[in-house]
Amino acid sequence: MTRIIVMTSGKGGVGKSTCTANLGMALAQRNQRVAVVDADFGLRNLDLLLGLENRIVYTALDVLAGDCTVEKALVKDKRQPTLGLLAAAQNRNKEAITPNQMKELVAGLAPSNDFILIDCPAGIEMGFQNAIAPAKEAIVVTTPEISAVRDADRVIGLLEANDVKFTKLLINRIKPKMVQEDQMMSVRDVLDILAVPLLGVVPDDERVIVSSNRGEPLVLEKQLSLAGVAFNNIARRLLGEEVPLIDLTATHDDLFSRLRRFLRGS
Amino acid sequence: MAPDDSAAAVTDSGLDTGTDTAIDASIVAPEVPVDKPATSAEAAGSEHSSPAPPQPAPPIDPRTQLRLRNEGDHLVLLMPSGPQSEAEGGALAWGELLQHFRQRLNGGEPFWQPNTVVHLAASDRLLDARQLQALDDILTAAQLRLKRVITSRRQTAMAAVTVGYSVDQLEAEDTLVQSPPPPGKPLAEPLYLQTTVRSGVEIRHPGTIVVLGDANPGSSLVAEGDILVWGRLRGIAHAGFGGDRDRYIMALQMQPTQLRLADLVARAPDSPGTDYLPEVAYVGNNAIRIAQAQAFARQHFDATLGQGAQPTDAF
Ligand SMILES: Nc1ncnc2c1ncn2[C@@H]1O[C@H](COP(=O)(O)OP(=O)(O)OP(=O)(O)O)[C@@H](O)[C@H]1O
Ligand SMILES: [Mg+2]
């Protein structure tokens, strides 16, 4: 059974595309056949994050128009040939496609893939409705900010109402130091509100930006950064492995604060 | 929150979502500023209440959502009537109407047997075949079977016949369905929801609402009767919507963005406490007051305990 997962958030800019690119790549590295689908018509950028921009010949719209097969439109990744990208059309807006057409596209990809990751646009309008239409599972991406968490809550409710049953949470851009100083919502604060299972936590990491600019997902690095490890762990959890959360504070801790925590008994 | 709640202390196994940690105060930041409460001399309890400033009635009415009524051998699906665009302040747009209905069905404990028959009381609402089909799909998913459509609109009747339902066409002025209730009319049956009521979800019900779960910030509950939240109330709650001040809002953890009882409004205090005990909001002296549930129950609900000895004090 192909796992069809939508990556969504409500709020924009929280890292949906970054997470889609990295999880797609990490799953492909584990011998999974993965198709990542950019559902952000008009503002596509998944191709940039994957470094595949100049290899796009056909987009999803060409497939729907009958100009090519979905297989042909899928851009294969040279580094990881089991990863393919179905690009969105850049010159059209989100009304250019309907939920049923989105289902049709994904149905075309399903037989030849183990995972289909759909990168959802921000918001809860048409583009969102399109992106979630074919999905069986959802990964809700949020950052530890009140506004992002509020939008994530809204989106989780809409997913439930639209029969996307398996929703998991990915908390992106945690800054352990700020959490420790009580200046940022902690993982627990976020879960306390959202009440859905946690898939993973990704720290805020400057190398995410560097890797985006290069078109090379973090998980391709030889010497993995903490964020890269976190993405790998999330991919492993998606495959059913039990992987404990990494201790994000370890690198930031000085002896004193560790001692203090130890004495407090946590 | 305690500093040791940082990501460091968290492992997958430790991530039970029902923690006992208090939420960051700013999450329940009030959306409508109201004067600081004039603390009352009322009985027990923490009074984070305030006298109501004159406030326009909210643009939401408990009768503007789709809901099911039990009629013994079948259910009636009640369609809100009135102006059909949001702009006119009337019933919600169609998409949203369906959204709310799905959310309601998902959260509700079904009180019907599989394959129960449903009659749609469409009132004066214009429905085309596609809209009827959309309703049918939702009902089918909930193991209900739409059989009959009751409408006062010819076009709706035609559409229903085309799709294959039995149709009752009523006179246009027939008010069987939805006109506002005359005073003293009994409320609808309580609505039970076993779910997290999430941001953006609005539950409106012309009776009492019982939520087994949390009502999150950004959600709103509007009831003509009482509101009971067996969980954390962190959104907006409005009980006694029709104007009945003898209604209550009860929650295991009272951290609302705003409370409304009939025509009165109170908002959360700026610095909520950290210990939450079950509390009850009620109207006393023309203002919303909040009391600890236990003390409140002793005073208001249990006559025998309220007067004589109070056995609970012994413990
Ligand atoms: N863990 C992280 N650490 C540092 N920067 C990050 C992290 N995750 C994402 N970013 C940065 O945040 C920005 C937004 O990321 P991204 O484009 O993935 O978000 P998005 O949710 O897809 O946005 P949109 O809603 O516009 O589609 C980018 O500049 C990205 O590099
Ligand atoms: Mg994006």
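With runs of 4+ DSSP H residues as the only contributors, calculate the mean residue ellipticity of chain A at 222 nm using -39,500 (n - 2.57) per run, divided by the residue total and rounded to the nearest 500. All intermediate terms of the calculation are to be shown ahead of the outcome.
Values: 12 runs with 106 residues, N = 266.
Helix-only estimate at 222 nm: -11000 deg cm²/dmol.
Nearest 10 degrees, 0 to 90: what angle lies between the long axis of helix A:99-109 and the longest principal axis of chain A (Cα atoms)?
Result, in degrees: 90.
Amide H to amide H, which residues 5 or more places from B:Gly108 or on other chains are under 5 Å from it, using H placed in the peptide plane?
B:Gln194
What nm distance separates the two modelled labels at A:Arg92 and A:Ile146, each placed 7 Å from Cα along Cα→Cβ?
4.1 nm
Mind checking the mean number of beta-carbon atoms from other chains within 10 Å of the Cβ atoms in A:144-152?
Mean number of neighbouring Cβ atoms from other chains: 3.
Can you list the HN-Hα couplings for segment A:155-172, worked out from phi with the Karplus curve (6.51, -1.76, 1.60; θ = phi - 60°), rounded to whole Hz and with x for Gly and Pro?
Those phi angles translate into 5, 4, x, 5, 5, 4, 5, 9, 6, 8, 7, 9, 9, 10, 10, 10, 9, 10 Hz.
Check which residues have an amide H placed less than 5 Å from B:Val201's amide H, if you skip close sequence neighbours.
B:Ser220
Please find the FRET efficiency linking B:Trp112 to B:Val161, where r is the Cβ-Cβ separation and R0 is fixed at 30 Å, and quote it to the nearest 0.05.
Values: r = 26 Å, r/R0 = 0.86.
Working from the Cβ atoms, E equals 0.70.
How much length is gained if the chain between B:Lys147 and B:Gln194 is pulled fully straight, taking 0.36 nm per residue apart and subtracting their Cα-Cα distance, in nm to one decimal? Mind showing how you got there, number by number?
Working: separation 47, 0.36 × 47 = 16.92 nm, distance 2.77 nm.
Full extension from B:Lys147 to B:Gln194 adds 14.2 nm.
What average count of beta carbons from other chains do you get within 10 Å of the Cβ of residues in A:160-170? It would help to have the intermediate numbers written out before the result.
Values: counts 8, 13, 4, 3, 0, 0, 0, 0, 0, 2, 0.
Averaged over the peptide's residues, the number is 3.
How far apart, in nanometres, would the label points at B:Ala295 and B:Leu277 be if each is projected 7 angstrom from Cα along the Cα-to-Cβ direction?
In this crude label model, B:Ala295 to B:Leu277 measures out at 0.7 nm.
Highest first, please rank the peptides B:227-233, B:141-147, B:289-295 by the mean number of other Cβ atoms sitting within 10 Å of their residues.
Numbers: B:227-233: 24.4, B:141-147: 16.6, B:289-295: 20.1.
Put in order of decreasing packing, that is B:227-233, B:289-295, B:141-147.
In peptide B:213-221, what is the residue-averaged number of other protein chain Cβ atoms found within 10 Å of each Cβ?
On the way: counts 1, 3, 0, 9, 5, 7, 3, 0, 0.
Averaged over the peptide's residues, the number is 3.
May I ask you to evaluate 6.51 cos²θ - 1.76 cosθ + 1.60, the Karplus curve with θ = phi - 60°, for each residue of segment A:46-62 and list the ³J(HN,Hα) values in order in whole Hz, giving x for glycine and proline?
Per-residue couplings from phi come out as 4, 4, 5, 4, 8, x, 10, 3, 7, 10, 6, 10, 10, 10, 4, 5, 5 Hz.
Over 30 Å between Cα atoms, which of A:Lys16/A:Lys76; A:Lys72/A:Lys168; A:Lys76/A:Lys222 qualify? Can you show the working numbers first?
Details: A:Lys16/A:Lys76 21 Å; A:Lys72/A:Lys168 32 Å; A:Lys76/A:Lys222 22 Å.
In this structure, A:Lys72/A:Lys168 lie more than 30 Å apart at Cα.
Placing +1 at every Lys and Arg Cβ and -1 at every Asp and Glu Cβ, with all other atoms neutral, what dipole size does chain A have around its Cα centre, in debye to the nearest 20? Mind dumping the intermediate values first?
On the way: 32 positive and 33 negative charges, 99 e Å.
Computed charge dipole of chain A: roughly 480 debye.
Could you state the per residue volume, in Å³, of the convex hull enclosing the Cα atoms of segment A:3-264?
Values: hull volume 31.9 nm³, N = 262.
Each residue corresponds to 122 Å³ of Cα convex hull volume.
What is the angle, in °, between the Cα long axis of helix A:255-264 and the longest principal axis of the Cα atoms in chain A? Nearest 10 is fine, range 0 to 90.
Rounded to the nearest ten degrees, it is 80.
Taking amide H atoms as placed 1.01 Å from N in the peptide plane, list the residues 5 or more away in sequence, or in a different chain, whose amide H sits under 5 Å from that of A:Val141.
A:Thr8, A:Ser9, A:Leu170
Treating the angle as unsigned and between 0 and 90°, give the value, to the nearest 10°, between the Cα long axis of helix A:226-238 and the longest Cα principal axis of chain A.
60 degrees
Ordered by residue, what ³J(HN,Hα) values in Hz, to whole numbers, does segment A:117-124 give under the Karplus form 6.51 cos²θ - 1.76 cosθ + 1.60, where θ = phi - 60° and Gly and Pro are x?
Each residue of segment A:117-124 in turn: 9, 9, 8, 8, x, 5, x, 10 Hz.
Looking at segment A:83-192, which GluC sites (Glu not before Pro) are DSSP coil and have at most 14 other C-beta atoms within 10 Å of their C-beta? Can you show the working numbers first?
Numbers: sites: A:Glu95, A:Glu104, A:Glu125, A:Glu137, A:Glu145, A:Glu160, A:Glu181; in loops: A:Glu125, A:Glu145, A:Glu181.
Sites meeting the loop and neighbour criteria: A:Glu125, A:Glu181.
A:Asp247 to A:Ser112: FRET efficiency via 1/(1 + (r/R0)^6), r the Cβ-Cβ distance, R0 51 Å, to the nearest 0.05?
Values: r = 39 Å, r/R0 = 0.76.
With R0 = 51 Å, the Cβ-Cβ based efficiency is 0.85.
Using 1/(1 + (r/R0)^6) with R0 = 35 angstrom and r between the beta carbons of B:Arg154 and B:Asp246, what's the FRET efficiency to the nearest 0.05? Spell out each step's value before the answer.
On the way: r = 43 Å, r/R0 = 1.24.
About 0.20, to the nearest 0.05.
Rule-based calculations on the coordinates, nothing more; no lab input. Not measured: the values here are computed from a predicted model. Reconstructed Cβ throughout: ideal geometry from the backbone, glycine too, with neighbour counts over all protein chains shown.
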